[in-house]
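Trainee: Let me begin by handing over the structure; questions about it come next.
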């Protein structure tokens, strides 16, 4: 019945709007006859045909909503990957492939399900990563800056967290006997990855040197030590990212010449090795490449003292480090050996940092690499038993503006169309007689022109330059260009609007619509039946 | 004006690569602080002077301009990968700039290298048309104590500043601009 109704409606809409054959029951004979196209748009137009095909594909897509239908779950988090970032990255990737860009589809844009996530923290309209990631992996929203505790916990107040501890999807997966992995291009102790395995009322307690006296007195421990001492199941199987400095003493200098942060004298890397005698610790590309996924079940990779490099700068890393897609592939090869399935969280952490620095080039390259990592997952798993979710923790004040012509370089100056709709040869000038870029920032450090020899986060070495600048002779598409910003701040800020959720696999349909961010956990829990399986295994 | 003067100093000392060229053995460094009088002939058309204090230990080097609340401090300054901290004395806060390397900074730091010879400070130097004249050199335990005190300040990574606006001190620094003007 439903199918018949839809079919009839479809025919009616097609007839009325596309063939130009308007019904004439109410027609006033004195009115002129509307122009009628002689083209059969239903058979000759690529947009129409693609749209029709899209409907057919959607009709064929199975809705697997059975509890526990997902053996595996992969949660991809683009830190700070706002909707505008996705749009710009799509165009950027398409243009890198020689296309105009706008029509390009990132890997996750091909997923059958999309929705929105409301990102606010319980105490902030515009959120931070600690509260948002806690919501996604625990199913409960909390305060900004707080990891793994409910909203009654006060930030940086250890005692207030007592009794507020939340259970995470990684903990449940481990209890259920699944393999688990946490990957990030940020420090592995940074808020987003930390929310998967730790409880800390203060996101900055990454190692003991930042713990307050109150924290120590009330039994709070630092995030790095919680990672190594993670006690659920057989421990997290694959951990890879940056943040090595939080795992060894300040008196020690690492392989890349950087000091540790710990003041308690503990070398947590040695402790991890002692705990997992068959595991492999790696710190560089060579070590990473040597990992034999077929024979190894535990991997600890710390590839940088602080955050890993931006994708643009990765080749310049001292010891060499793997890309996010390489880490994703290696992790899947290791985790997929478990018959009970796996849970993997993959964060592209430096999209956020590129935005904070006001450097769209690095943002978009990292987003494209994030896209590659997702494609790796799509290619590597059985989508009939694997739920893949791609989302962001929050947005950024990154905008696309003006009326650039189709195919205008996404990082370029705006060139509009003429009155006939054809592309102009010259860029358009604003009221101040200066050109402007399509992408820009509402706030932040603002303009800088470092050319193609720039280094990551170089912008922090120079003062604010908010407002308008003459860009006619500036290489605005170079990776050292930093877009203009309106409000001068020493760091560009997060934004408060919703972010996208993209999903495929069993349970994906649970994420249609607009959701509280905490609903993501509940979709995962239903699809993989984590709580019941964890309880059954105890 | 304070900001301008201070950032000249910060900029001079920002990058790490300069220090890779220093041959001084870490163990041979005696903790010391040097007070330089800086004569800047470019300030508002007539010469003006101010005092810079350079604090140095085997692995830490700090630069302080009299009257300025912010100090530049390098950890592992004799290695090829030192880490820069901006220390805010009034707030007991530090911001860590782990990897900011630019050619500009390397050039400027190379000029600063001239201040050090055989593990000690030179009497006179000229950097960017500014004359530096050593006024006083003190070698005592105070240097080590003071640098250790600064090292214990609450520290944030520069890349994490934007995620920590809930910290009122940091929020103030963000809004006022923690990066000083050149």
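Trainee: Please work out which residue is surrounded by the most Cβ atoms within 10 Å (Cβ to Cβ), limiting yourself to the range A:481-511 and to residues that are without any contact (Cβ under 8 Å) to a residue 60 or more places away in the chain and outside any strand (DSSP E or B).
Mentor: The extreme case among them is A:489.
Trainee: Something else now. Within the range B:58-82, can you find the residues that are closer than 16 Å to residue B:146 by Cα, outside any strand (DSSP E or B) and within 13 Å of chain A (Cβ to nearest Cβ)?
Mentor: B:58, B:59
Trainee: Is it true that some residue in the range A:343-360 is part of a loop (DSSP other than H, G, I, E, B) and under 27 Å from residue A:113 (Cα atoms)?
Mentor: yes
Trainee: For residues in the range A:405-437 being surrounded by 16 or more Cβ atoms within 10 Å (Cβ to Cβ) and touching a residue at least 60 places away in the same chain (Cβ under 8 Å), which is farthest from residue A:469 (Cα to Cα)?
Mentor: The residue in question is A:407.
Trainee: If I ask for residues that are part of a loop (DSSP other than H, G, I, E, B) and more than 13 Å from residue A:188 (Cβ to Cβ), which ones from the range A:301-318 would you list?
Mentor: Result: A:309, A:310, A:317, A:318.
Trainee: Keeping to the range A:239-253, report how many residues are part of a loop (DSSP other than H, G, I, E, B), within 14 Å of another protein chain (Cβ to nearest Cβ) and either under 27 Å from residue A:345 (Cα atoms) or without any contact (Cβ under 8 Å) to a residue 24 or more places away in the chain (or both).
Mentor: Number of matching residues: 3.
Trainee: Among the residues of the range A:254-276, write down those that are part of a helix (DSSP H, G or I) and within 14 Å of another protein chain (Cβ to nearest Cβ). Even if it seems obvious, please write down each step before you answer.
Mentor: So in the range A:254-276, the residues part of a helix (DSSP H, G or I) come out as A:268-275.
Selection gives nothing.
Trainee: Just one of (1) touching a strand residue (DSSP E or B) at 6+ places or on another chain (Cβ under 6 Å); (2) more than 24 Å from residue B:152 (Cβ to Cβ); (3) part of a loop (DSSP other than H, G, I, E, B); (4) without any contact (Cβ under 8 Å) to a residue 40 or more places away in the chain trips up residue A:281, so point out which.
Mentor: Every listed condition holds for residue A:281 apart from (3).
Trainee: Further question: Looking at the range A:201-238, which of the residues that are touching a residue at least 60 places away in the same chain (Cβ under 8 Å) and surrounded by fewer than 21 Cβ atoms within 10 Å (Cβ to Cβ) is nearest to residue A:183 (Cα to Cα)?
Mentor: Of the residues in the range A:201-238, the ones touching a residue at least 60 places away in the same chain (Cβ under 8 Å) are A:203, A:218-220, A:223, A:232-238.
After this cut, where a residue has to be surrounded by fewer than 21 Cβ atoms within 10 Å (Cβ to Cβ) as well, the list is A:218-219, A:232-235.
Values: A:218: 30, A:219: 27, A:232: 18, A:233: 19, A:234: 18, A:235: 15 Å.
My answer is A:235.
Trainee: Something else: Is it the case, given these coordinates, that residue A:186 is part of a strand (DSSP E or B) and either surrounded by fewer than 24 Cβ atoms within 10 Å (Cβ to Cβ) or touching a helix residue (DSSP H, G or I) at 6+ places or on another chain (Cβ under 8 Å) (or both)?
Mentor: yes
Trainee: So which pairs qualify, if the first residue must be in the range A:146-163 and on the phi > 0 side of the Ramachandran plot, the second must be surrounded by fewer than 18 Cβ atoms within 10 Å (Cβ to Cβ), the Cβ gap must be under 9 Å, and the two must be at least 6 apart or on different chains?
Mentor: If the second residue must be surrounded by fewer than 18 Cβ atoms within 10 Å (Cβ to Cβ), the pairs left are A:148/A:165; A:156/A:212; A:156/A:214; A:163/A:152.
Trainee: Also, I was wondering about something else. I'm trying to understand the selection: among the residues of the range A:292-314, which are over 20 Å from the mean Cα position of the chain (by Cα) and surrounded by fewer than 20 Cβ atoms within 10 Å (Cβ to Cβ)?
Mentor: Hits for the range A:292-314 are A:292, A:293, A:294, A:295, A:296, A:297.
Trainee: Only one of (1) surrounded by 24 or more Cβ atoms within 10 Å (Cβ to Cβ); (2) touching a strand residue (DSSP E or B) at 6+ places or on another chain (Cβ under 7 Å); (3) part of a loop (DSSP other than H, G, I, E, B) fails for residue A:374. Which number is that?
Mentor: (3)
Trainee: Here's another thing I want to ask about it. Kindly evaluate residue A:83 against the criterion of being assigned by TED's automatic domain parsing to the domain that holds residue A:373, under 15 Å from residue A:351 (Cβ atoms) and surrounded by fewer than 19 Cβ atoms within 10 Å (Cβ to Cβ).
Mentor: yes
Trainee: Quick one: is residue A:321 farther than 22 Å from residue A:134 by Cα, at pLDDT 95 or above, outside any helix (DSSP H, G or I) and within 14 Å of chain B (Cβ to nearest Cβ)?
Mentor: Yes, satisfied.
Trainee: Let me ask something else. I'm checking my understanding of the structure. Among residues of the range A:442-461 that are part of a loop (DSSP other than H, G, I, E, B) and over 18 Å from residue A:313 (Cβ atoms), which one is nearest to the other protein chains (Cβ to nearest Cβ)?
Mentor: Among residues in the range A:442-461 that are part of a loop (DSSP other than H, G, I, E, B) and over 18 Å from residue A:313 (Cβ atoms), the one nearest to the other protein chains (Cβ to nearest Cβ) is A:445.
Trainee: Next up: For the range A:464-480, which residues satisfy the criterion of being crowded, with 21+ Cβ neighbours inside 10 Å and more than 24 Å from the chain's Cα centre (by Cα)?
Mentor: The one that is crowded, with 21+ Cβ neighbours inside 10 Å and more than 24 Å from the chain's Cα centre (by Cα): A:476.
Trainee: Follow-up question, since we're still on this one. Among the candidates A:367, A:328, A:405, A:391, which residue alone is in a loop (DSSP other than H, G, I, E, B) and away from every other protein chain (no Cβ under 14 Å)? Quick ask: steps written out before the conclusion?
Mentor: Working: A:367 fails: in a loop (DSSP other than H, G, I, E, B); A:328 fails: in a loop (DSSP other than H, G, I, E, B); A:391 fails: in a loop (DSSP other than H, G, I, E, B).
The unique qualifying residue is A:405.
Trainee: Which strands (runs of 3 or more DSSP E) sit wholly inside the range B:106-182 and have at least 2 residues that are within 14 Å of chain A (Cβ to nearest Cβ), at pLDDT 80 or above and under 23 Å from residue A:459 (Cα atoms)?
Mentor: Ranges flagged: B:154-157.
The values are calculated or read from the model by the stated rules, or taken from the named source; none is laboratory data. These figures come from a predicted structure and were not determined experimentally. Note: ideal-geometry Cβ built from the backbone for every residue, glycine included; neighbour counts use all protein chains shown.
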